[in-house]
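Inspection log for the structure reproduced underneath, given as structure tokens.
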Amino acid sequence: MNRVNARDAITRAHHEEWARVVAALARRFGDLDIAEEAAAEAFATAVQRWPADGVPPSPGAWLTTTANRKAIDRIRRENKRDDKQREAQLLYADDPPEPLDAIDDERLRLIFTCCHPALAMETRVALTLRMVAGLTMPEIARAFLVQETAMGQRITRAKAKIKAARIPYRVPSAEDLPARVSGVLAVLYLVFNEGYLATGPDTDPVRHDLTAEAIRLTRLIRALLPDDGEVAGLLALMLLTEARRAARVSGSGELVTLGEQDRGAWDAALIAEGHRLVRERLAAGVAPGRYQILAAISAVHTSARDVRDTDWSQVVALYDQLVRLDPSPIIALNRAVAIAELDGPQVALAAVDHLEHKLAGYHAYHATRADLLRRLGRSQKSRAAYDKAIELAGNTAETAYLTRRRDELG
Amino acid sequence: MQYLVSVIDDTAGLATPDEQAAIDVFNDRLQAEGHWVFAGGLAAPSTATVIDNRGEEALLTDGPFLESKEYLAGFWIIEAADLDVVLKLAAEGSKACNRKIEVRPFL
């Protein structure tokens, strides 16, 4: 077994097995902190051992067993404080691994714990990324532009609260499920978006690991709640967005706008699945929530073989519907982008300028303005807006795109 | 598992008769379902006395340890299996006493 293979196997195992290992340990030991630390130690052990000893035939089982031993070691070390409950749990520590169909349930429990409403939203996102998606602390800190120590403290505090306040480790009861699911969807959407427009100078512009994890977790939630419109809507939205991933960054590492993308590079299978979900929701005849409307907008875009075939009036009508549900300035900004295609850049610019006091610190506001000003031939003002957008943008591919656009101005 | 469920008030008034009646119904339910440990309403913060006997002699100060617009008006100690259970009860308690509530676990 050579080193490269072992490294690939560890990367793959980390992606596929991390949440399962954490979930299994969290359930067994009733302690997220122990679960996380033991899982991390097990992977560190794999990094040391697999290149020399070879990759075990069942990496997941090896990691779970190793992590279990690490957890037991730690508990024994700490067990001078008598903790009978944990000692009792040690009796079961050599149980065989959970059967395969139980794994998804474990992951769901873990998600609902990490997304508990008694935790602050940013904490839920950070915990989900650490515990379920397996991101390291520096990665999470970078994704949200906070100091690593601050992120570490946030996660440590959250784990301490989960334990001290006894936030349960389970899927909520049927009557509580809809409210709890909407909180989980918000977290998954944030994870997806961070993956799709990753932040940070040393980060890949698109983090496929994050988008894929968000989609995988959303599929799990959908299996749990197949009739929930917003779950289907969010899954459709993610699929229709993910479908465009390959066309989204050019060979030279620049972001490619929707209008300029090579539509032949879009993933037809993902688009078909997304469209199927959108049609299913339309047929349900229930008033759509925001994810369903966003998915419908995405469906309109992905139905056009050429950007000139886009049904912009349909897009604007959907945005109007969305604004009524969610009058946020970011929705209004996106609506203005569609207005530019329907009514021209002048009308759109007036709508965008209206949002300045709310969005002055948001790079997309300035990027949108810059593009509209460029189309109106107002180069000087456009350049200033590009400068501002570049200053605020955190995504490398987007910065490259904005810089080229600025430098092409006459 | 026990939780301190504190009633946070920012008005000067005591519970109205309607609120008191709703609290009684809620208390009966806590007892019937085995969640009840203890509960009580507190007199106004201005009736408090702070004692500090860490030094040579006990030092008495008139008034609460913390002057703030919001204050602890009463509390329940609730037995519950986990946070979800107590949060649900606390939501009903908040409705019954018509005030904000803080839930905090005992060690």
Taking trypsin sites (Lys or Arg not before Pro) as exposed when in a DSSP loop with at most 13 other Cβ atoms inside 10 Å, chain B has its longest clean stretch at B:1-53
Where the centroid of each part is defined by its Cα atoms, how far is the range A:16-52 from the range A:373-399 in Å?
-> 45
Pairs of Cα atoms under 8 Å, at least six residues apart: use those to get the relative contact order of chain A, whole percent.
-> 11
Of the candidates B:A96, A:A269, A:L225, the farthest towards the positive dipole end of the protein assembly as shown (Lys/Arg Cβ +1, Asp/Glu Cβ -1, centred on the Cα centre) is A:A269
Going from the fewest other Cβ atoms within 10 Å to the most, one would list A:V300, B:V50 as B:V50, A:V300
Divide, for the range B:2-105, the radius of gyration over alpha carbons by 2.2 N^0.38 Å, where N is the residue count.
-> 1.22
Mean separation of Cα contacts under 8 Å, 6 or more apart, over the residue count of the range A:157-209: relative contact order % = 17
Cut-off 12 Å between beta-carbons: net charge of the residues surrounding B:A48, Lys and Arg +1, Asp and Glu -1 | -2
So for the range A:134-219, what percent of the C-alpha to C-alpha distances run longer than 20 Å?
-> 47
Per GNM of chain B with C-alpha springs under 10 angstrom, the most fluctuating residue out of B:P45, B:P17, B:P64 is B:P17
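I need to check one value: relative contact order of chain B, counting alpha carbon pairs closer than 8 Å and at least 6 residues apart, in percent.
Relative contact order comes out at 50 percent.
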To the nearest 10 degrees, the tilt of helix A:229-242 (Cα long axis) against the first principal axis of the alpha carbons of chain A is 70
Going from the alpha-carbon gyration tensor of the protein assembly as shown, what semi-axes, largest first and in whole Å, does one get by taking the root of 5 times each eigenvalue?
-> 45, 34, 24
Any trypsin sites (Lys or Arg not before Pro) in the range A:287-358 that lie in a DSSP loop and have at most 14 other Cβ atoms within 10 Å would be A:R305
In a Gaussian network model over chain A where Cα atoms closer than 10 Å are linked, find which of A:D105, A:D227, A:D204 has the largest mean-square fluctuation.
-> A:D227
0 to 90° range, to nearest 10: angle between helix A:396-407 axis and chain A longest Cα axis | 20
Can you give the three extents of the C-alpha atoms in the range A:117-184 along their principal axes, from longest to shortest, in whole Å?
-> 39, 24, 18
For B:G74, enumerate residues with amide H under 5 Å from its amide H, sequence gap 5+ or separate chain, H modeled in the peptide plane.
-> B:V7, B:L42
Compute the distance in nm between two label points, each set 7 Å from the Cα along the Cα-to-Cβ direction, one at B:L107 and one at A:H15.
-> 4.6
Once the principal axes of the Cα atoms of the range A:226-285 are found, what is the range along each, listed largest first in whole angstroms?
-> 43, 17, 17
Output ³J(HN,Hα) for the range B:86-97: one whole-Hz value per residue in order, computed from phi by the Karplus curve 6.51 cos²θ - 1.76 cosθ + 1.60 with θ = phi - 60°, and x for Gly and Pro.
-> 6, 5, 5, 4, 5, 4, 5, x, 4, 5, 4, 8
Chain B: angle of helix B:17-32 to the longest principal axis, Cα-based, in degrees nearest 10 | 70
Under a point-charge model restricted to the Cβ atoms of Lys and Arg (+1) and Asp and Glu (-1), what is the dipole moment magnitude of the protein assembly as shown relative to its Cα centre, in debye to the nearest 20?
-> 1240
Fewest first, what order do B:I8, A:I390, A:I167 take by the number of other Cβ atoms within 10 Å?
-> B:I8, A:I390, A:I167
Selected from A:Y319, A:V47, A:Q292, residue furthest toward positive end of dipole (the protein assembly as shown; charges at beta carbon) | A:V47
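All of the numbers you see were taken from the coordinates with simple rules; none came from a lab. Keep in mind that what you see is a predicted model, and the values were worked out from it rather than measured. Positions of Cβ are backbone-derived with ideal geometry, glycine not excepted, and every protein chain shown enters the neighbour counts.
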